[in-house]
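Quick note: the coordinates plus some simple rules give every number you see, no bench work behind them. Quantities reported herein were computed from a predicted structural model and do not represent experimental measurements. Cβ sites come from the backbone with ideal geometry, for glycine too, and all protein chains shown count toward neighbours.
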Amino acid sequence: MVFLQVIKLNEKYLKDFISADDKQKLDSVWKEAEAALNKVKDRTGAGKDMLGWVDLPGNYAKKPELINELDRIKAAAEKIRKNSEVVIVAGIGGSYLGSRAAIEFIKSHLYNNTEKDTPDIYFLGNSISTDNLNEIIKICEKKNFSVIVISKSGTTTEPAIVFRILRGLLEKKYNSEEVKERIFAITDKNGEKSKLKALADLKGYEKFVVPDDIGGRYSVLTAVGLLPIAVAGIDIDEIIEGAAFAEKTYLEFSKNNDCLKYAVLRNLLYQKGKSVEIMAAYEPALAMMNEWWKQLFGESEGKNKLGIYTSSVIFTTDLHSLGQFIQDGSRIMFETVINIENSQSDFVIPADSEKIDGMDYVDGMTLHEVNYKAMLGTVIAHTDGGTPNIILNINKRDEKTFGELVYFFELACAVSGYMLGVNPFDQPGVEDYKTNMFALLGRPADKDKNYPEIRKEIEKRI
Ligand code: PA5
């Protein structure tokens, strides 16, 4: 089968922002990008043990254990689809954003409200909100439901608390054999490290392993993302095909490589003082894709007092809120615009026989055309206002495109992190809030931390 690259980068709207000096600088930025790409390929950079995602898509067709893993994922999804009206995915950060992004990108942000023969899917354990939990419990109460609990470490507070509650609900509703059929645990292989693994072993739940060399935010193409995505009736083979194509295409160094070009351009803009990147899309179905992208780049780059702050908008909605700032506020940002060339459906704007709303000039146009014109007009306006725009054109919202986009951004992120001189695969800064929260919750001292002492110190400051 012949594949065509679905992501096409358009840098035309950057030309007013790149001076003759910058053009010279670009050569050295490209050299840095090449060196960074080599670190990814040769596994010689910081966090080199966390590069399992690099050849994962291609390996799905080659490695018997991965072929088997895909079969197990599909069988588990089929079982869930047959016995459940609702599925709750309990996970936070990289353990839920990718699957939620895929379901909304490929199906709809209104997935649960659409007519379908697959279960509704709710995401819990990604906050500590009482009201959100109670509302979702209420939805499940009278329905047959299953739980997919995802935590690589198997010790994260938010999903652990929610899973304890959901397990209790399942145990109240079903006998122990049925409960076992309804819980799926995705976690580390080591029960010493992961409490979730130890619990799943003890109770006999079906398990999937998050590979040691793949961190949370790079894990959407493992069972972490693929099981919930398959439950939604999405073809996961197609997603992997799109990602495998991207692996072949974007690991080859060339100045025409759009993935590297994206890393290069954002690095150049950062050097020119643009320290905020806004991911802009014109479809509500991309809101969670934006969230996934924000975590990927934000958590990977934002360390050592460096990095581009990641932010996102859905247009035209946010043109009526943040549009003012992007047009005219502090000039610290650039935009990356995802332009989807074809909508999944069509709508022709009907003529108004009474001609009273003053909108006759759009008679007979498709809504998609109007959206496209809004995008073109906005790109010109924002660049005129001093916000550089990078455009990523994609053909449509489907499985292959999602797979290609995931790999495009993961590789661009790793390369960008290395160009910045940080380890794109750790997140040391996330520990600080956890330490304070554990101390305030009364966690006893362990070999690493004296929580009661920390608590005394913090309480003095509250
Ligand atoms: O990218 C990451 O590693 C993090 O965002 C994690 O995905 C997140 O903290 C959840 O961790 P865990 O899967 O261990 O519960």
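Assorted remarks:
- Rounded to the nearest 10 degrees, the inclination of helix 451-461 to the longest alpha-carbon principal axis of the chain is 50 degrees.
- Once the Cβ-Cβ distance of Asp16 and Asp352 is raised to the sixth power relative to R0 = 56 Å, the FRET efficiency obtained is 0.90.
- Positive-end residue of Val276, Phe347, Thr155, charge dipole of the chain with Cβ unit charges: Thr155
- As a calculated quantity, the FRET efficiency between Ile458 and Leu4 at R0 = 56 Å, using C-beta atoms, amounts to about 0.50.
- The aspartates and glutamates within cross-link reach of Lys207, meaning a Cα-to-Cα straight distance under 17 Å and a gap of 8 or more places when in the same chain, are Glu65, Glu69, Asp71, Glu78, Glu177, Glu178, Glu181, Asp188, Glu192.
- Top positive-direction residue, dipole computed over the stretch 1-137 with Cβ charges, set Ile18, Ser84, Leu4: Leu4
- Against the chain, whose longest principal axis comes from its Cα atoms, helix 258-271 is set at around 80 degrees.
- Gap separating the Cα centres of the stretch 331-396 and the stretch 177-217, nearest whole Å: 45
- DSSP finds beta bridges in the chain, and of those with both partners inside it, around 10 percent are antiparallel.
- Computed from the C-beta positions of Ile128 and Lys63, the FRET efficiency with R₀ = 35 Å rounds to 0.35.
- Within the stretch 55-83, backbone nitrogen closer than 17 Å to the virtual label 7 Å beyond the Cα of Asp237 toward Cβ: 57-78
- Applying both filters, DSSP loop and at most 15 other Cβ atoms within 10 Å, to the trypsin sites (Lys or Arg not before Pro) of the stretch 1-57 gives Arg43.
- Applying both filters, DSSP loop and at most 14 other Cβ atoms within 10 Å, to the GluC sites (Glu not before Pro) of the stretch 94-137 gives Glu115.
- For the stretch 105-155, trypsin sites (Lys or Arg not before Pro) meeting the loop criterion (DSSP other than H, G, I, E, B) and having at most 14 other Cβ atoms within 10 Å: Lys116, Lys142, Lys143.
- For the stretch 289-408, relative contact order (Cα pairs under 8 Å, six or more residues apart, normalised by length) works out to 29 percent.
- Seen against the Cα atoms of the chain and their longest principal axis, helix 236-250 is set at about 50 degrees.
- The label-point distance for Asn450 and Ala75, in a model that sets each label 7 Å from Cα toward Cβ, rounds to 5.2 nm.
- About its Cα centre, the chain has a charge dipole of approximately 1600 debye under the convention of +1 per Lys or Arg Cβ and -1 per Asp or Glu Cβ, with nothing else charged.
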